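All of the numbers you see were taken from the coordinates with simple rules; none came from a lab. Quantities reported herein were computed from a predicted structural model and do not represent experimental measurements. Every residue, glycine among them, receives a Cβ derived from its backbone with ideal geometry; neighbour counts consider all protein chains shown.
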Ligand code: SAM
């Protein structure tokens, strides 16, 4: 449920066609069904479907109080991928539990990507919601745009590395990607063409540790999932 779906404390109504379709086709929901409902603001609870047709779904809500599944304490810094790949990457990393995503410019990010309609906040939110719904999570990740590399490197990165380890994923680095991190981390993933040597040097000089996933070079959307799955404590 999104905050606008709430009619009052005890009832909600969905009219969004995509979610109605999901209720009809994926859940094959019927009036009377008991459902676990998540609100994109961090609450989750039980509800009963009281009416369902092609235009609306109405719910009676119990108290919204259960905690959502634990988040992953990894902040992701992702060089802005091409729009189609951005959409899928946002959905996947959200489903894996990332709560802080920075989209970063770098030399091999095409400037036109920053003009993409996929960066519209509403579109970004839609991709995040797909990931949240998939994982039965309810806390929407924060997404920050960093359209310039140098200010991020010099002004923002040092503060972010004060209380978490920086991990730079780059093919050919000395260390293998660790399994199951015990402490908070900031994971940096490059663009489709990779970071240029100068950027790699700068990120390592800023205190990041270089890590790699072996000799297979993965597409960005595959690499983020493989890295997060391996770093995840589960
Ligand atoms: N030709 C580029 C290079 O050598 O850097 C390939 C870039 S890869 C398609 C896109 C990003 O995914 C990389 O910048 C890196 O962050 C991550 N990645 C993909 N495969 C990787 C691997 N085997 N080890 C570490 N990172 C990888």
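Kindly work out what percent of the DSSP beta bridges joining two residues of the chain are antiparallel, to the nearest 5.
45 percent
Over the chain, with a Gaussian network built from C-alpha contacts below 10 Å, which listed residue (24, 127, 100) shows the highest mean-square fluctuation?
The residue with the greatest mean-square fluctuation here is 24.
By how many degrees, 0 to 90 and rounded to 10, does the Cα axis of helix 83-95 deviate from the longest principal axis of the chain?
70 degrees
Rounded to the nearest 10 degrees, what's the angle between the helix 220-231 long axis and the longest principal axis of the chain, both from Cα atoms, 0 to 90?
90 degrees
Which semi-axis lengths, in whole Å and largest first, follow from the square roots of five times the eigenvalues of the Cα gyration tensor of the chain?
Equivalent-ellipsoid dimensions as semi-axes: 37, 18, 15 Å.
What FRET efficiency would be calculated for the residue pair residue 160, residue 48, taking the C-beta separation as r and a Förster radius of 30 Å, to the nearest 0.05?
The formula returns an efficiency of 0.10 here.
Averaging sequence separations of C-alpha pairs under 8 Å and six or more residues apart, then dividing by the length of the chain, give the relative contact order as a whole percent.
This gives 19 percent for the chain.
Relative contact order of the range 3-66: what whole-number percent is it, with Cα pairs under 8 angstrom and at least 6 residues apart?
RCO, the range 3-66: 35 percent.
In deg cm²/dmol, rounded to 500, what helix-only [θ] at 222 nm does the chain give when every DSSP H run of at least 4 residues adds -39500 (n - 2.57) and the total is split over its residues?
-7000 deg cm²/dmol
Report the normalised scattering of the range 3-66 as log10 I(q)/I(0) at q = 0.27 Å⁻¹, calculated by the Debye formula with identical scatterers on the alpha carbons.
-1.32
Can you give the angle from 0 to 90° between the axis of helix 121-135 and the longest principal axis of the chain, with both taken from C-alpha atoms, to the nearest 10?
Taking the Cα atoms of the chain, the angle to 121-135 is about 80 degrees.
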